[in-house]
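Undergrad: Have a look at this one.
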Amino acid sequence: MKILVDTNVMIDYMKRPSEKMKQIFMDEDVVISGVIASELLHGALSEKEVKSLEEDLGVFESLNIGQGDWNEFGRFLYKLRKNGLTCPYPDALISFIAIKFDVSVWTKDKHFKLIKEIEDKLKLFEFVE
């Protein structure tokens, strides 16, 4: 099973992973996306940290949308807004990518549960410490 990890989970994994978290990263097919990589790189504090992050992230498969997917993503955003949900753009994009590739999202962010209430195709990976 592929699990698309959100930025907040990757930060925890890189800074203070629990044994259970380490086990999931070893046992499951953990993937990222370009939006997650860019969020992590955006938070870097130095060029050295940027290079280290790029190296670390290079070991993960990256799921990304293509040129032809942007209109569909726009419709996805429209659906969320029409149903009363305005959420951070990266969270919507991560959700859209997860739906497109039929993978679960591992996150600690509440927006994903709200998105799932509107789009039931979104699967969330339940992590209990």
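Undergrad: Given the pairs Lys51/Lys113; Lys79/Lys100; Lys79/Lys113; Lys22/Lys123; Lys15/Lys121, which are separated by over 25 angstrom at their Cα positions?
TA: Lys51/Lys113; Lys15/Lys121
Undergrad: Residue by residue through the range 111-125, which ³J(HN,Hα) values in whole Hz follow from phi under the Karplus form 6.51 cos²θ - 1.76 cosθ + 1.60 (θ = phi - 60°), with glycine and proline marked x?
TA: The phi angles translate into 4, 5, 5, 5, 5, 4, 5, 8, 10, 6, 6, 6, 10, 10, 7 Hz.
Undergrad: Of Phe96, Phe127, Phe76, how do they rank once you tally other Cβ atoms within 10 Å and put the fewest first?
TA: Going from least to most buried by this count: Phe127, Phe76, Phe96.
Undergrad: Right, next: Which of these values of P(r) over Cα pairs in 10 Å bins from 0, in percent was calculated from the structure shown: [x] 12, 44, 33, 11, 0; [y] 9, 27, 25, 23, 11, 3, 2, 0; [z] 12, 36, 30, 19, 3?
TA: Step by step, P(r) over Cα pairs in 10 Å bins from 0, in percent for this structure corresponds to label [x].
Undergrad: So if each residue of separation counts as 0.36 nm, and I subtract the Cα-Cα distance between Trp70 and Phe101, what length gain in nm does that give?
TA: Contour length minus the Cα-Cα distance gives 9.7 nm.
Undergrad: Going by C-beta contacts inside 10 Å, put Ile36, Ile65 in order with the fewest on the left.
TA: Lowest count first: Ile65, Ile36.
Undergrad: Can you give the charge dipole size of the range 2-124 about its Cα centre, rounded to the nearest 20 debye, using +1 on the beta carbon of Lys and Arg and -1 on the beta carbon of Asp and Glu?
TA: My answer is approximately 540 debye.
Undergrad: Continuing with this model, one more query. Please list, in chain and number order, the residues 5+ apart from Ser33 or on another chain whose amide H is under 5 Å from its amide H, with Hs placed from the backbone.
TA: For Ser33, the qualifying residues are Leu63.
Undergrad: Could you derive backbone 3J(HN,Hα) for the range 6-19 from the dihedral phi with the Karplus parameters 6.51, -1.76 and 1.60 (θ = phi - 60°), listing whole Hz in sequence and x where the residue is Gly or Pro?
TA: Working through the residues one at a time gives 6, 4, 5, 6, 4, 4, 4, 5, 7, 9, 8, x, 7, 5 Hz.
Undergrad: Using alpha carbons only, how many degrees (0 to 90, rounded to 10) separate the axis of helix 89-101 from the longest principal axis of the chain?
TA: So the helix axis and the longest Cα principal axis differ by about 90 degrees.
Undergrad: For the range 38-84 and the range 96-121, what is the separation of their C-alpha centers, rounded to whole Å?
TA: Using only Cα atoms to place each centre, the spacing works out to 14 Å.
Undergrad: Mind checking which aspartates and glutamates have their C-alpha under 14 Å from Lys2, skipping anything on the same chain fewer than 8 residues away?
TA: The reachable aspartates and glutamates, counting only those whose Cα sits under 14 Å from Lys2, are Asp27, Glu28, Asp29, Glu61, Asp102, Glu126.
Undergrad: Determine the sum of side-chain charges near Lys110: Lys and Arg each +1, Asp and Glu each -1, restricted to other residues whose C-beta is under 15 angstrom from that of Lys110.
TA: Once all neighbours under 15 Å are counted, the net charge is -2.
Undergrad: Another question, then. Can you show me the helix-derived [θ] at 222 nm for the chain, built from DSSP H runs with n ≥ 4 at -39,500 (n - 2.57) apiece and divided by the number of residues, rounded to the nearest 500.
TA: Taken over the chain, the calculation gives -16500 deg cm²/dmol.
Read the figures in this text as sums done on the coordinates, not as results from a lab. Source: prediction; values computed, not measured. For neighbour counting, all protein chains shown are included, and Cβ atoms are generated from backbone atoms with ideal geometry for every residue, glycine included.
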